[in-house]
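The structure appears below as structure tokens.
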Amino acid sequence: MNGRIAAFAGSTPNIGTSLTAFGTAYRIAALTGRNVGYLCLNLKSAKTHLYLGIDRPEVTLDGVRPELRARTLTGDKLRQYAYRSPKLGSLSILFGNMAREQAEYYEPDDVEQLLTASRHAFDLTIADVSAYWDNAATICAMQSADHKFLVTTDRLSHFQEDVRRWTGQVGSMFGIAPEQFQLVLLEGTQRFSGGFRMKDIRKETGCIELTEMKLLESMHLQLDSGRLDEWLASEETHAATFDPLATHMLKQMNWVERLQKTERPWMRRLMVYRRRGR
């Protein structure tokens with residue numbers, strides 16, 4: 001049975017999209033024990049390996065490109081190539097393209113081959129793509145995704161112009177309408193003075209469904225130090241930062257029942273809390 005794909009794009013670069021995508025992937029893997037794959041598909045700015053303190057990954061996207069071009073990459077091979085760590089549980093990672101100058105040479109068929117292999121390899125694939133829709137990875141991942149997420153903040157400069165130009169105009173050329181996206185509204189440790197309200201952001205972006213999430217300042221410090229995995233695994237409250245989005249996705253995928261049967265009391269309390277919040 002083929003797994004699902006969830007694609008994450010930012011409304012604009014450098015607002016926390018990769019952190020949101022990775023943290024959500026980790027949390028879902030931790031809560032369910034299912035095989036979750038994380039694909040770094042930001043072809044010109046691959047940084048996931050640095051967040052985990054890995055200077056030179058053994059296998060990266062550009063390393064498997066010959067197999068993508070030859071159409072020989074399978075789910076089994078992708079599982080073998082993916083990075084695993086005891087700290088990350090059942091999460092597997094394919095690090096991104098290290099040859100930035102080659103970004104424009106990735107063809108749609110290459111990306112489709114990767115996504116097909118990932119569906120066979122994992123129960124869920126989180127595809128982290130660029131905010132700019134000028135590459136095959138972003139467009140193909142969004143076209144193929146069962147769940148499409150657009151990450152933004154409440155600052156007008158973060159969700160107005162770029163969303164219209166990229167997600168709106170370019171996305172519509174490939175049959176992707178704004179209402180197909182689920183909006184993820186990020187809040188910092190201090191809410192931006194004069195930030196726009198949810199209904200205003202929905203109106204500007206055309207997205208209907210919205211989830212709010214707050215990223216902790218301590219989380220960003222882990223990115224700079226290359227200890228994101230240690231931070232997530234060290235305390236339950238750290239990983240729980242991503243619960244608003246993770247539990248929302250679990251409900252969409254009908255994976256909640258698996259959690260309800262768990263013997264771990266904290267998981268049961270988490271789901272009860274989320275249901276009450278609804």
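The values are calculated or read from the model by the stated rules, or taken from the named source; none is laboratory data. Small disclaimer: the values here were computed from a predicted structure and weren't measured. Cβ atoms come from the backbone with ideal geometry, glycine included; neighbour counts cover every protein chain shown. For accessibility, only protein heavy atoms count, side chains too; no ligands or nucleic acids. Shrake-Rupley method; radii C 1.70, N 1.55, O 1.52, S 1.80 Å.
Tabulated values for the structure
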read-out: Residue-normalised accessible area of the chain, expressed per residue, 1.4 Å probe, Å²; value: 47
read-out: Taking the convex hull of Cα positions in the stretch 82-153, its mean projected area over all directions (nm²); value: 6.0
read-out: Whole-percent pair-distance distribution, where bins are 5 Å wide, for the alpha carbons of the stretch 1-127; value: 2, 11, 22, 26, 23, 12, 4, 0
read-out: Per residue Cα convex hull volume in Å³ - calculated over the chain; value: 128
read-out: Carbon + sulfur, % of accessible area of the chain - ligands and nucleic acids excluded, 1.4 Å; value: 46
read-out: Theoretical gain in end-to-end length, residue 85 to residue 69 [0.36 nm per residue, Cα-Cα removed]; value: 2.9 nm
read-out: Built amide H within the under 5 Å cut-off of residue 5, gap 5+; value: 125, 146, 147
read-out: Reduced Cα scattering model of the stretch 1-57, Debye log10 I(q)/I(0), q = 0.22 Å⁻¹; value: -1.01
read-out: Nearest-20 debye value, the stretch 1-147 charge dipole, Cβ charges on Lys, Arg, Asp, Glu; value: 520
